[in-house]
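Every number here is computed from the coordinates shown, using simple stated rules; none is lab data. Everything numeric in this text was worked out from a predicted model, so none of it was measured. Every residue, glycine as well, gets a Cβ built from its backbone with ideal geometry; the counts of neighbours run over all protein chains shown.
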Amino acid sequence: MKVLSVVHGTDARAELFSAVVEDAGHAHDEWSLAWRTPPPRPVDAYEAVFVFGGAMHADEQESHPWLRDENFFLQRLLDLHVPTFGVCLGAQLLAKAAHAPVRRAAEPEIGWYEVELTEAAREDAVFGALPERFDAFQWHYYTYGVPAGGVELARSALCTQAFRLGESVWGVQFHPEVTESQIGSWLSTDGFNEGVDVECVAAETRDRIGSWNGLGAQLCGAFLEAAERLASVSVR
């Protein structure tokens, strides 16, 4: 398959997922609408798309005008039924493209928080093999509403954490793609300004990152398998 990763800055890239995609033998391109260049291939040439996080928020079009273009780009992916997986900001942008609300959360989630799957997740092609509960790495200030016609797949105590829209689009609020070095970079840049116990998060990360990366690779692999099945029957 040909896989596209849509990124939103140098500190929020494909990370772990990049290795999973390439180890599975798929062609992998990385691209950002902020670069103001066309994607490496036509949009309808991709069998799967990832949309990753970023330091900006989904409603900051004034500061990041290319977010308007990304909204249209994501709406086109939805119209084409391209298998798409959004992470954090990427999930919020997918929800927004599907006309769901995106808003500031009651409080941020930064660090490790318990996530619980819904009943619907048990039969989901991507989430079905995950444990019913797990501690997930989070770094977000905003949340989204599940799009009309969508299915909620996971929640935390604060907000919705995952959804599926139709049979080809998934979004997660948590960060299954992060590596330890990436988390360290985030903690060193703005964690101090948000009242985060940086040393505690760093210590938890050292203890948890191995099993977390295993779950992240499993989740990414399940999405790629779902995308392959969809590509085999696609009439696009």
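Numerical summary
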| read-out | value |
| --- | --- |
| Distance-filtered residues of segment 30-64 - backbone nitrogen under 18 Å, label point 7 angstrom along Tyr113 Cα→Cβ | 53-59 |
| Net charge contributed by nearby residues that have their C-beta within less than 9 Å of Met1 (K/R +1, D/E -1) | -1 |
| Reported label for calculated mean projected area of the Cα convex hull in nm² given (1) 15.4; (2) 11.9; (3) 11.0 | (2) |
| Residues Ser211, Ser185, Ser156, Ser5, sorted so that the one with the fewest Cβ neighbours within 10 Å comes first | Ser211, Ser185, Ser156, Ser5 |
| Kyte-Doolittle mean at least -1.0 and Cα axial length at least 27 Å: DSSP H helices in the chain | 198-233 |
| Amide H contacts under 5 Å for Val51, placed H, 5+ residues apart | Val6, Phe85, Gly86, Val87 |
| Rel. contact order, % - alpha carbon contacts under 8 angstrom, at least six apart, the chain | 21 |
| Listed residues Thr189, Phe17, Leu94: farthest to the positive end of the dipole of segment 2-233 (Cβ charges) | Leu94 |
| Part-to-part distance (alpha-carbon centres) for segment 52-74 and segment 90-131, which is given in Å | 19 |
| Charge dipole (debye, nearest 20) of segment 18-154; +1 at Cβ of Lys and Arg, -1 at Cβ of Asp and Glu | 440 |
| Given charges at beta-carbon only (K, R positive; D, E negative), |dipole| of segment 2-233 in Debye | 560 |
| Between segment 1-42 and segment 144-184, the alpha-carbon center distance in angstrom | 19 |
| Rule-of-thumb Rg ratio for segment 10-146 [Cα; 2.2 N^0.38 Å; N residues] | 1.09 |
| Amide proton proximity set for Ala162, modelled H, under 5 Å, gap of 5+ | Leu153, Ala154, Gln173 |
| Taking Ile183, Ile209 and counting other C-beta atoms within 10 Å, the order from fewest to most | Ile209, Ile183 |
